[in-house]
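The values are calculated or read from the model by the stated rules, or taken from the named source; none is laboratory data. Values in this document were obtained by computation on a predicted structure and should not be read as measured data. Please note: Cβ atoms are built from the backbone with ideal geometry, for glycine as well, and neighbour counts cover all protein chains shown. We work out accessible area using only protein heavy atoms, side chains counted, and drop any ligands, DNA or RNA first. Shrake-Rupley method; radii C 1.70, N 1.55, O 1.52, S 1.80 Å.
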Amino acid sequence: MNLNGTPLSIAIFAGFVLLVLYLSYFFARRARSASGYYAAGGQIHWAVNGISFAGDYLSAASFLGICGMIATLGYDGFLYSIGYLAGWIVALFVVAEPMKRMGKFTFTDALDAKFDSRGIKLAAAISTLVVSICYLIPQMNGAGSLVEPLLGLPHWVGVIIVGAIVIAIVSTAGMTSTTYVQFLKGGLLLIFSTILVGFVLFRGLSTEPESLRGDAGESLLLVPEQTTEAALIAGGHELDHTVDDLLKFTRDGEVSWYRQDPAGALWETQWESADLINGEPDGLLYPVGRIKAIGGMSVADAAAGTGRLDVVSFLATLTHPETRIEQWHKRTVFDDDGEKFTIYYPKTVTGTEQMKPGVKFKVDTFWQKLNFVSLMLALFFGTAALPHILIRYYTVPSPACARKSTIVAIAAIGFFYVLTLFMGLGAATNGTVNPADNNMSAPLLAMSFGGVLFAIISAIAFATVLGTVAGLIVAASGAVAHDLMDRFGRMDLTEKQKVTAGKVAAFVVGIIAIILGIVFRGVNVSFLVGWAFAVAASANLPAIVMLLFWKRTTAAGIVASIIVGIVAALGIILTGPAMFAGPYGLRAEDAWHPLGQPGIISIPLSFLTLVVVSLITRKKAAA
Amino acid sequence: MHHGPAQDSGPDPAGRYKTRLGVVMFIIYCVVYAGFVFTNVLTEGRAMQVIVVAGLNLAVVYGVGLIVFALVLALIYNALCTRKEAELAGTDDGEERA
């Protein structure tokens, strides 16, 4: 897609980023001590902290990833909204106040408060680092996606810009700065997402909306051509290669790919190879996403549009069984010569299919059911185990304030997650989906309402990434400087040395995140965050929950469960189908196992490990 | 370096009450959440497409309902905790009574 920002949009964007940097500089003066750097001195007001929680939590995964997934897969993307929000129930009811009572700066402190074990310090610090880096990857990836259309820069440049700005923020200020940046960003994200949804409802639904036409009346999105194999062959095409329902034709050396639907009709696709896009060396992918028929309306009426809709009628119209929506899916295939092609192909679904789970997360076979339960389990238990969320409990003065700020967060985040459904479906029906990278669906939806809204939304999304990355890097640098160097290594650092060590650690973690953000380009960011949740839930949650509720828990049990949780979750992810089809560039069928989501195995395994090791070591201690 | 809480908030007489209440509410939400997950799994998605109200299907109503239910439970929890904290404020034996 060729979408370059206007000077106005670039100016708004730059202004916002400069404001963020100024805030960091302003609050940096408050971060003279370790307490100020890591926990904002424990003096943030609970209401501010609650919105900051929302700012921390509503990362690129929520705004870019969920909206993008709903735009391309329908209701399946909304499963992430449901799961992410449900996770706050675990945080509020089980973890919030006890953690606040136990800890000081980091998740490790809380776990180690009872045992003062060097093993726990090491295992928890490693866990914090691993989870933070897993969570950083999608944020950096999202930043690259944002910068491409806004500034016309390559994806990798966007990743480096975010990395550099965040390293600067974290190295100068720490938690006070990131808290106020998150407050500002969280508040603006809620306000402008509400405005965007208002515009979507005001526009209503139409099969031929004005917003999809250019100044000369031309279509701005790709309306795929429908044909047959016989017609193509009669036109001089040769069938060159077939991969399941994808057919490769050639004519005079020119390649074209078609997808065959179950009725036998062929549909035009878009495709990329190593050096061609849609057959051209400097070719472009066209935006997609449209409603083809509106249930209960004639063709002419559907073209004229529904006019303004309320929230219920918008969803009900899309749910209507006679509504038809064109989704675009992506698949990687290899031709006879072993050349790799990424095919983007249309698939028409009914309103019934669009508005229920089952496009990505099918539940027909045993493994599919296991994957679905596994995903929902990880999302539910992951939130309360995220280190950058846990450290925010230390920025308020009391356990009661921790509770109240969590409730403010639930209200703000829950409201936002309902909005994601409308933003994602709005993008799906307004021709604003980039088939190669659905992460930009919500900002591009804003672009269909004008450049100013696009610039504001993009700037907020960029700040979203900045804020979340900053929070994660604070957590990771805390793990290195405070847990590993000061407490595990017993280096007995002064306050000033600890802050310096944290800043150096922030720099190193930032560089790692930049590299991984570039490697994972094009993968939906919410899907990647789902993995981070699974790792967090497997590594940290069993330790937290059992420490709070099982008196026979031992330090060795905690260490073992953290290590087993990390290894099991990462092991299942790295040998699973999504990694093979994605970053490895191989076939999903070649993966070692069909399980895409690790939680259903790694979380119980981590709990079991803790119980068994605790019982064994307790016996030994008693003997 | 001392490793106690960042801010010493003192003893919490309502601590045990709040922990128990939290666990009960967590279990209630767990059951409702599991209902969503297993309704989808056990009916292979068919139940989710049933229209239940105003043209909206079970997937949308249950999904949005889970988000709203979380907030409702959170508000009830806060109200009960705040009331208990006020009731026990200043009592030395609050932990035992709670």
Could you pull the accessible area for residue A:362 with a 1.4 Å probe, rounded to 10 Å²? 80 Å²
Sequence gap at least 6, Cα distance under 8 Å: using those rules, report the relative contact order of chain A to the nearest whole percent. 28 percent
Name the lysines eligible as straight-distance cross-link partners of residue A:185: C-alpha to C-alpha under 29 Å, and not fewer than 8 places from it in the same chain. A:100, A:104, A:404, A:498, A:503
With T = 25 °C, eta = 0.890 mPa s and Kirkwood Rh from C-alpha pairs, the Stokes-Einstein D of the protein assembly as shown in µm²/s is about 94 µm²/s
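Order A:290, A:521 by their accessible area, 1.4 angstrom probe, all chains in place, largest first.
On the way: A:290 40, A:521 135 Å².
Descending order: A:521, A:290.
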Using a 1.4 angstrom probe on the protein heavy atoms only, line up A:507, A:16 by accessible area, largest first. A:507, A:16
Counting each DSSP H run of 4 or more residues in chain A as -39500 (n - 2.57), what helix-only mean residue ellipticity at 222 nm follows after dividing by all residues, to the nearest 500 deg cm²/dmol? -19000 deg cm²/dmol
Can you tell me, using C-alpha contacts under 8 Å and at least 6 residues apart, the relative contact order of region B:15-86 as a whole percent? 32 percent
How far is the Cα center of region A:248-298 from the Cα center of region A:443-486, in Å? 34 Å
Taking a 1.4 Å probe, which of B:69, A:462 shows the most accessible area, and what order do the others take after it? B:69, A:462
Counting only the heavy atoms of the protein chains, how much of residue A:181 is accessible to a 1.4 Å probe, in Å² to the nearest 10? 10 Å²
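Looking at this model, which pairs from A:340/A:360; A:330/A:356; A:369/B:18; A:340/A:369; A:551/B:18; A:292/A:356 are more than 29 angstrom apart at the alpha-carbon?
A:369/B:18; A:340/A:369
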Whole-number value, in Å³ per residue, for the convex hull of the alpha carbons of region B:15-86 is 70 Å³
Hey, with R₀ at 25 Å, roughly what FRET efficiency would residue A:616 and residue A:548 work out to, going by the Cβ-Cβ distance, to 0.05? 0.70
Counting only protein heavy atoms and leaving out ligands, DNA and RNA, the solvent-accessible surface of residue A:151 at a 1.4 Å probe, in Å² to the nearest 10, equals 50 Å²
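Counting only other chains, what is the mean number of Cβ atoms within 10 angstrom of the Cβ of each residue in peptide B:74-80? Walk me through the numbers before you get to the answer.
Values: counts 13, 3, 0, 6, 6, 0, 0.
Per-residue shielding by partner chains comes out at 4.
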